[in-house]
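A.B. asks: Have a look at this one.
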Amino acid sequence: MTTPTPSSHPYEALSPDVVLDALDSVGLRGDGRLMALSSYENRVYQVQLEDAYEGHASVVAKFYRPKRWSDAQILEEHQFAAQLMEAEVPMIGPLVLSGATLHHFGGFAFSVSPKRGGRAPELDDFEVLEWIGRLLARLHTVGAAQPFAHRPALDAASFAIEPHDWLLAHDMIPLDVQSDWQAVYEVAIESIAASAGSTWADGLKGLKTPLSTSSTVKMIRLHGDCHPGNILWTPTDQPHPGPHFVDLDDARTGPAVQDLWMLLSGDRRQRTGQLSALLDGYEQVRNFDRRELALIEPLRTLRLIHYSAWLARRWTDPAFPAAFPWFGSSDYWKGQVLMLQEQVEAMGEEALVV
């Protein structure tokens, strides 16, 4: 396996002074206090301001990973966030500064959002899940109103086939594991097509055809990465109580169930109960196509394959070896083989029914 050596990376030039100067360029003067927030894909900072801006004593500055998204794709994220806020969906979107939401400074594209606190939602509370279900339905109602023009679709080509080809072309999988991983990958791809059946129709049978060509599953604008860390919960005794979204960085086109399955955990009984609570809330606002439940395990499998390639592509960013020291070893890839085997078994089971 060839592991890229961490080297000079664009983010190494993103010093605190650059962050403050970038904010100053759009009329916000930081008082020197800034704190890096948890984010690997981008660099995100909480910055205290000398003078409050529209009542905000501090803001969150997001510096987008260079060459990941085009300006047009980032602006679609901002437009989606603005549409959600206009529809009164709890969403933290970027501020309009100097007439724009997307700015450039020192070779970086960045945006600035108001700071809003919160804690992780208690996903073992079915009332919380029902509330989140209503929130997701409202998001999807806005998402279904129009398509993305520039953002990509969630499909097997981009989340499995291309990552697989890239990993092999760059010798990222150790030779002692490569044949086992390749074998289970091929079975997993066939299982995705088989378990999806007519639900994804031609969109998945071709494997290199985007899922958006499917005539049986409605493709809408999604949050795209709706895990618990991207939902913050504000206590009911605080302003803006309940759940709100904090990040649309991975917004894509895909089936609605993509934004539900990452909120499920535990054994089949537990996941069934959680899904039932989510859909109880969701269907108070918007209809849900139950055929999409057959996509949960295929989507989980696509994410598993994509995640390994995501880590490998980011390895020259010094933050990644420090945060994921276990990545790339034979033991890591043996673990991936086992997880893919488990996913093949899961795709062979009956889909969750609620």
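No value in this document is a laboratory result; all are computed from the given coordinates. Values in this document were obtained by computation on a predicted structure and should not be read as measured data. Cβ: placed from backbone, ideal geometry, glycine included. Neighbour counts: every protein chain shown.
A.B. asks: If only Cα atoms are counted, what is the Rg of the range 126-347, and what is its Dmax, in Å?
C.D. replies: Over the range 126-347's Cα set, Rg and Dmax evaluate to 18.2, 57 Å.
A.B. asks: Another question about this same structure. Thr253: net charge of surrounding residues, Cβ under 13 Å, Lys/Arg +1, Asp/Glu -1, itself excluded?
C.D. replies: Values: positive: Arg151, Lys218, Arg221, Arg252; negative: Glu76, Glu77, Asp155, Asp250, Asp259.
Net of charged neighbours comes to -1.
A.B. asks: Taking the Cα centroid of the range 45-112 and of the range 253-295, what is the distance between the two, rounded to the nearest whole Å?
C.D. replies: Taking the Cα centre of the range 253-295 as reference, the centre of the range 45-112 is 30 Å away.
A.B. asks: Sticking with this one: Could you grab the relative contact order for the chain? Cα pairs under 8 Å, six or more apart, rounded to a whole percent. Let's see the in-between values first.
C.D. replies: Numbers: 564 pairs, mean separation 75.0, N = 354.
Relative contact order here is 21 percent.
A.B. asks: Which helices count as membrane-span-like in the chain under these terms: full DSSP H, at least 27 Å along the axis by C-alpha, Kyte-Doolittle mean of 0.0 or more?
C.D. replies: On the way: long enough: 175-196 (32 Å, 0.40).
Flagged H segments are 175-196.
A.B. asks: Quick one: net charge around Gly281, please, counting Lys, Arg +1 and Asp, Glu -1 for every other residue with C-beta under 14 Å from its C-beta. Kindly include the intermediate steps, with their values, before the conclusion.
C.D. replies: Details: positive: Arg134, Arg138, Arg286; negative: Asp125, Glu127, Glu130, Asp259, Asp280, Glu283.
Within the 14 Å Cβ shell, the charges total -3.
A.B. asks: Hey, another quick one. Along the charge dipole of the chain, Cβ charges K/R +1 and D/E -1, which of Leu95, Ser191, Gln48 sits furthest on the positive end?
C.D. replies: Farthest along the dipole direction, towards plus: Leu95.
A.B. asks: Could I ask something else about it? Among the aspartates and glutamates, select those whose C-alpha is under 18 Å from the C-alpha of Lys67, and discard any that sit fewer than 8 residues away in the same chain.
C.D. replies: Glu12, Glu41, Glu76, Glu77, Glu162, Asp249, Asp250, Asp317
A.B. asks: Then there is this: For the range 12-114, compute Rh as the Kirkwood radius over C-alpha pairs and then the Stokes-Einstein diffusion coefficient at 37 °C and 0.692 mPa s; write the answer in µm²/s, rounded to an integer.
C.D. replies: Details: Rh = 14.0 Å.
Result for D is 235 µm²/s.
A.B. asks: Quick one: net charge around Gly106, please, counting Lys, Arg +1 and Asp, Glu -1 for every other residue with C-beta under 11 Å from its C-beta. Can you show the working numbers first?
C.D. replies: Details: positive: none; negative: Asp17, Asp21.
That sum, taken over residues with Cβ under 11 Å, equals -2.
A.B. asks: Continuing with this model, one more query. For the range 105-113, what does the Karplus curve 6.51 cos²θ - 1.76 cosθ + 1.60, with θ = phi - 60°, yield as ³J(HN,Hα) per residue in whole Hz, taken in order and with x for Gly and Pro?
C.D. replies: 7, x, x, 10, 8, 8, 9, 10, 10
A.B. asks: Right, something else. Just the Kirkwood number for the range 147-190, please: inverse of mean 1/r across all distinct Cα pairs, in Å, one decimal. Please list the in-between numbers first.
C.D. replies: Numbers: mean 1/r = 0.0841 Å⁻¹.
For the range 147-190, the Kirkwood estimate is 11.9 Å.
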